[in-house]
Amino acid sequence: MLLGIHPGPDFDPPTAAALLGVEPRDAERILEDLLDSQLLLQHEAGRYAFHDLVRSFALSLWEESARNQKDTAVGKLLHYYLGVTNEACSMLFPGLRPTGYPPSAGAPGLPSFPDARAARRWYDLLLQGIELHRELDSVRRESIALYNISSLHLWQGRSTEAILAAERAATLCRDVGEQEHERAALNDLAIAHLDRGEGTAAQKWLDRALALGENSAMPRNRAMSLALRAVLCQRRGRGEEATAHIGQALALVRPLGTATWQCEVENIAGLVHRHAGDYANVLRLHRSAYQRALNIGYRIGMAHGLHGLVSAETALGLQEPARENGLSAEELFATMDIPRVILE
């Protein structure tokens, strides 16, 4: 009966294990037995699906007296999804701090991703079929998983998909009072719209993010909102405002000692100064961002730092370092299979 709770069209053994509360190898044996009994279908190796009538019958067996058991199983499933999205993020973007409080790496039941392609494949399967419905009664975990998914879409250059996931995440976070995760999702929305050249939409989401207040349990999220506001102001020809906002953002992240977020804000600051023609600051900021990312193995921060250096070095006529840094950036982007830089 528990397998019938699964909201998507198909699932793998680790997902079934999370629902059933057993080890993945035991779940696989159960699934194979159900497959042999023609109670499950298999359209792809390693993935199982219910016939619609069988799923409906399984759900019809639930009674209100079993509600607690169902809620517990659903909680385990959503906790599993949150854990796997963070595992996949760690594979795709080494050095990026995970969001929320997932199971630790290597926890029982979490799949092992041999490479970035396998991690991305898991995301694609999740996005094709899994909608973590609100009635599954774990809105917070759903919102965090959706935020992780929106971030992945952003780095892949899929702004439309990022907007859909981030809007849902922001709505859920607002409903349950998760202000910090709401702010993070709103920042993703702003990035996606800025990447599409939609300044008015980006401003709407940034206004909402900054309206959440100056007192933040995670100042890094407010710093990102201010940095993105700086990008928007720079594009609109309001250079003084852009400089003020980026200064505030840098001042917020410097005391945190979090290399990832210092790197992110410094790379955005470099972009703002680049559009202002201030190449001395561009070089300083991108070099600092690259070094911070290098120290923690944060490859996407390294790639963006190098890309920023190339732009400044090219403008200054420094052809040889521009060529070397360009090759290094291309190699990093190719390794992560990220097609392009966002927020140019």
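For this structure, a couple of remarks:
- If R0 is 45 Å, the Cβ-Cβ spacing of Asn295 and Asp52 corresponds to a FRET efficiency of close to 0.30.
- Listed values for the stretch 261-267 are Karplus-derived 3J(HN,Hα) couplings in whole Hz (6.51 cos²θ - 1.76 cosθ + 1.60, θ = phi - 60°), namely 6, 4, 4, 4, 5, 5, 5, and x replaces Gly and Pro.
- Three-way shape label, the stretch 2-62, alpha-carbon gyration tensor, a/c 1.5: oblate
- Averaging the sequence gap over all C-alpha pairs within less than 8 Å and six or more residues apart, then dividing by the number of residues, gives the stretch 1-48 a relative contact order of 35 percent.
- Cβ-derived FRET efficiency at R0 22 Å, Ala118 paired with Thr160, nearest 0.05: 0.35
- Taking Met218, Met336 and counting other C-beta atoms within 10 Å, the order from fewest to most: Met218, Met336
- Among the GluC sites (Glu not before Pro) in the stretch 169-215, those located in a DSSP loop and surrounded by at most 13 other Cβ atoms within 10 Å of their own Cβ are Glu214.
- Taking 7 Å steps out from each Cα toward its Cβ at Ala201 and Asp36 produces label points 5.2 nm apart.
Any read-out appearing in this document is the output of simple, stated calculations on the displayed coordinates, not a laboratory observation. Note that this is a predicted model, so its numbers are computed, not measured. Cβ sites come from the backbone with ideal geometry, for glycine too, and all protein chains shown count toward neighbours.
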